[in-house]
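J.: Have a look at the structure that comes next, please.
The values are calculated or read from the model by the stated rules, or taken from the named source; none is laboratory data. A quick note: this is a predicted structure, and the numbers were derived from the prediction, not measured. Neighbour counts run over all protein chains shown; Cβ positions are idealised from the backbone, glycine included. Note: areas computed on protein heavy atoms with side chains; ligands, DNA, RNA excluded. Shrake-Rupley method; radii C 1.70, N 1.55, O 1.52, S 1.80 Å.
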Amino acid sequence: MRGLLAPFVVLLFNKSLDTGCFQAEFKQAVVRPLLKKSGLDTAEMKNYRPVSNLSFLSKFLEKVVQDRLQVFLNSNDLMSPTQSAYRKFHSTETAVSKVYNDLLLAADEGQMSALCLLDLTAAFDTVDHELLLLRLERQFGLHGTVLQWFRSYLDLAGLSGFCTEAPCRLLFTFCALFHKDQCWVHGCLFCTPRTDRI
């Protein structure tokens, strides 16, 4: 089966990348309300968050682009050495180890240290798309069709969803309005805050 579908998937993905267009059909999602925590009142809309399930092809194309972009960034040495997210052999443990080491070195030299920790769990929802695209262009050197593909990917004009439950329809409408100019996609490589600039 894989041998039958692979040429069509490759053709579809290459067409998307060659034209700089992330198809509107890939932005269609099944949206379901998910209770934020067990035990919350199920009659209250504020206790739900929308969960969007995109198609397999959409997620697969995202992964292909992420892999290609990661190769580009690594081969051109564009990633900060202190960036731990979205890098092989790096994790939150790597980041914590670096901070801990810096604190120990400062203490050995008799310096005083202060540590400010931020909870950025919802940071991906608040990224301004125009600033993100500007950063892709100016800092990372993406231009032309590549930049247009990211613009198309981030454009919410084609975003649509469907669900069967009434609370879900209301929640999706609210969420689509709220996220008008913000990053809808969680885990975006360029949405990660850079602590080396703080």
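J.: Here are some conditions: (1) out of contact with any helix residue (DSSP H, G or I) (no Cβ under 7 Å at 6 or more places or on another chain); (2) modelled with pLDDT of 80 or more; (3) open to solvent by 60 Å² or more (accessible area, probe 1.4 Å). LEU177 meets all but one. Which one does it not meet?
T.: Against the list (1) out of contact with any helix residue (DSSP H, G or I) (no Cβ under 7 Å at 6 or more places or on another chain); (2) modelled with pLDDT of 80 or more; (3) open to solvent by 60 Å² or more (accessible area, probe 1.4 Å), LEU177 comes up short only on (2).
J.: Pick out the one residue from GLN23, GLN28 that is under 30 Å from TRP149 (Cα atoms) and modelled with pLDDT of 85 or more.
T.: Result: GLN23 is the single residue among GLN23, GLN28 that is under 30 Å from TRP149 (Cα atoms) and modelled with pLDDT of 85 or more.
J.: Sticking with this structure for a sec: Taking the stretch 59-105 as the region of interest, how many residues are touching a helix residue (DSSP H, G or I) at 6+ places or on another chain (Cβ under 8 Å) and on the phi > 0 side of the Ramachandran plot?
T.: Qualifying residue count, the stretch 59-105: 1.
J.: Give the stretch 37-65 a look and list any residue that's open to solvent by less than 70 Å² (accessible area, probe 1.4 Å) and not hydrophobic (A, V, I, L, M, F, W, C), or say none.
T.: Passing the criteria: ASN47, TYR48, PRO50, SER52, SER55, SER58, GLU62.
J.: Within the stretch 125-155, count every residue that is in a loop (DSSP other than H, G, I, E, B) and either open to solvent by less than 60 Å² (accessible area, probe 1.4 Å) or within 30 Å of ARG49 (Cα to Cα) (or both).
T.: 5
J.: Just give me the residues in the stretch 1-46 being under 12 Å from LEU61 (Cα atoms) and among the hydroxyl-bearing types (Ser, Thr, Tyr), in sequence order.
T.: SER16
J.: Follow-up question, since we're still on this one. What about GLN83, is it open to solvent by 70 Å² or more (accessible area, probe 1.4 Å) and closer than 30 Å to SER58 by Cα?
T.: Numbers: open to solvent by 70 Å² or more (accessible area, probe 1.4 Å): no; closer than 30 Å to SER58 by Cα: yes.
Considered against the rule, which asks whether it is open to solvent by 70 Å² or more (accessible area, probe 1.4 Å) and closer than 30 Å to SER58 by Cα, GLN83 comes out as no.
J.: If a residue must be open to solvent by less than 60 Å² (accessible area, probe 1.4 Å) and either among the aromatic types (Phe, Trp, Tyr) or assigned to a helix (DSSP H, G or I) (or both), how many such residues does the stretch 15-33 contain?
T.: 6
J.: Then there's this: Take the stretch 103-124 and flag every residue that is at pLDDT below 90 and in a helix (DSSP H, G or I).
T.: Across the stretch 103-124, the qualifying residues are ALA123, PHE124.
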